[in-house]
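Asker: Attaching a single structure in structure tokens format; questions to follow.
The values are calculated or read from the model by the stated rules, or taken from the named source; none is laboratory data. This is a predicted model, so every value here is computed, not measured. Glycine gets a Cβ as well: all are built from the backbone with ideal geometry, and neighbour counts include every protein chain shown.
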Amino acid sequence: MIPGRRFPGRLAVIPLMRVAAAALAAAALAGIVACSGGDEQPTLWISGIPDQDASLLEARFTALAAYLAEETGLDVRYVPHDSYAAVVTAFEAGGVHLAWYGGLAGVQARLAVPEAEAIAQRPRDAAFHSVFVAAPDSGITDLAGLRGRTLTFGSEGSNSGHLMPRFFLREAGINVERDLAAIGFSGSHDRTWRLVADGAFDAGALNAVVWEARAAAGEVDRAKVEVFFRTPPYVNYHWVVNRAVDASHGAGTVDKLRAALLAIDVSKGGRAQAIAEAFQTDRFIPTANANYRPIEEVARELGIIGP
């Protein structure tokens, strides 16, 4: 755990499974219900931070939108965004009602929309990790070995690809701006490890779940890029809903969405299993805003969120 901070929950051991876009598309088609049309039923827009390859995210969220539509009776649709900040801005403006955020982006969204509520997370998000990767022959074996080297984070708004790696570098006595030769921001976890594998950066910091999934799928050439440091645990991804949907989309909408998300479970098979595996979990569990207070504290300490 982060020194001096308590992060609730325990880490669940969950098999990592990457679901092909075609399989998820089929799952979505199996569950799509026709939209009612007209102006009687407003669309409920869902989105998520662009932390992985766009094709995976499109399949993941399209299938989820179809599932939520059937479970809640709402017209639910997915809208992609090209940056973490854009998903937060859209949530603040009302163009997104339910969003899948990393820890930092979720904090930013709730600061922008005070009535917003964290309602669900994966079991592993109660004790998440980042990994630092480098070429095995780079000579980098610990965080101290990054002095004088180049490092790429993920997105600037990423919890597991920037905020928490930066925090643990500071804990190791590394001043990012002073001690590293250069830093970059790849934009996503997948691009981070690829940039290191291609030799564009000496090292990179990314989401441990993405790394483990890509490595298990055989996508990573581990002769070119390998983990040299795994962080202590911290809280991360979660679903955030704007409670205003109870007024705009009908009383009880938040409860319907929460119940639908918490009903996703691999043990049910079929579409529920496909969606759970697309989110690299076996199920979702309840969470609350207070669980992410430590992330807000770290972000303020590092100047990423203002006072």
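Asker: Residue by residue through region 265-307, note down the ones that are touching a Leu at 6+ places or on another chain (Cβ under 9 Å), part of a loop (DSSP other than H, G, I, E, B), among the aliphatic types (A, V, I, L, M) and under 21 Å from ARG243 (Cα atoms).
Answerer: Passing the criteria: none in range.
Residue-wise test of (1) among the charged types (D, E, K, R); (2) within 17 Å of the chain's Cα centre (by Cα).
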residue	(1), (2)
GLY173	no, no
GLU177	yes, no
ALA182	no, no
LEU195	no, no
PHE201	no, no
TYR234	no, yes
VAL240	no, yes
LEU257	no, no
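Asker: Free of Cβ contacts under 8 Å to residues at least 24 places away in the same chain, over 17 Å from VAL240 (Cβ atoms), outside the structural domain of ASP53 (by TED's automatic domain parsing) and in a loop (DSSP other than H, G, I, E, B): which single residue out of GLY187, GLY139 fits that description? Let's see the steps before the verdict.
Answerer: Values: GLY187 fails: free of Cβ contacts under 8 Å to residues at least 24 places away in the same chain.
It is GLY139.
Asker: Further question on the same structure: Suppose we filter GLU115, GLU92, GLU70 for residues that are of a type in the set (D, E, K, R) and in contact (Cβ under 8 Å) with a residue 40 or more places away in the chain; which single one remains?
Answerer: Result of the check over GLU115, GLU92, GLU70: GLU115.
Asker: Next question. Taking region 65-114 as the search range and keeping residues that are part of a helix (DSSP H, G or I) and of a type in the set (Phe, Trp, Tyr), which one is farthest from the chain's Cα centre (by Cα)?
Answerer: The initial filter retains those residues of region 65-114 that are part of a helix (DSSP H, G or I), namely 65-72, 84-93, 103-112.
After this cut, where a residue has to be of a type in the set (Phe, Trp, Tyr) as well, the list is 67, 84, 91.
Working: TYR67: 20, TYR84: 10, PHE91: 16 Å.
For region 65-114, the residue satisfying everything is TYR67.
Asker: Out of LYS268, LYS256, report the one residue that is touching a Ser or Thr at 6+ places or on another chain (Cβ under 8 Å) and among the charged types (D, E, K, R). Can you show your working first?
Answerer: Working: LYS268 fails: touching a Ser or Thr at 6+ places or on another chain (Cβ under 8 Å).
Answer to the selection: LYS256.
Asker: Could you tell me whether any residue of region 242-251 is assigned to a helix (DSSP H, G or I), in contact (Cβ under 8 Å) with a residue 24 or more places away in the chain, farther than 23 Å from ILE140 by Cβ and among the hydroxyl-bearing types (Ser, Thr, Tyr)?
Answerer: Looking for residues that are assigned to a helix (DSSP H, G or I), in contact (Cβ under 8 Å) with a residue 24 or more places away in the chain, farther than 23 Å from ILE140 by Cβ and among the hydroxyl-bearing types (Ser, Thr, Tyr), one finds at least one in region 242-251, hence yes.
Asker: Moving on. Which one of the conditions (1) buried (at least 18 other Cβ atoms within 10 Å of the Cβ); (2) closer than 23 Å to GLN52 by Cβ does ARG222 fail to meet, given that it meets all the rest?
Answerer: With (1) buried (at least 18 other Cβ atoms within 10 Å of the Cβ); (2) closer than 23 Å to GLN52 by Cβ applied to ARG222, the lone miss is (1).
Asker: For ALA263, all conditions in the list (1) surrounded by fewer than 20 Cβ atoms within 10 Å (Cβ to Cβ); (2) touching a Pro at 6+ places or on another chain (Cβ under 8 Å) hold save one; what is the number of the exception?
Answerer: So ALA263 meets the others, but not (2).
Asker: Is it the case that some residue within region 160-182 is farther than 30 Å from ARG77 by Cα, in contact (Cβ under 8 Å) with a residue 24 or more places away in the chain and assigned to a strand (DSSP E or B)?
Answerer: Yes: one or more hits.
Asker: Name the one entry in ARG283, ARG300, ARG243 that is closer than 30 Å to VAL176 by Cα and either modelled with pLDDT of 95 or more or out of contact with any helix residue (DSSP H, G or I) (no Cβ under 6 Å at 6 or more places or on another chain) (or both). Can you show your working first?
Answerer: Details: ARG283 fails: closer than 30 Å to VAL176 by Cα; ARG243 fails: closer than 30 Å to VAL176 by Cα.
Only one candidate passes the filter, namely ARG300.
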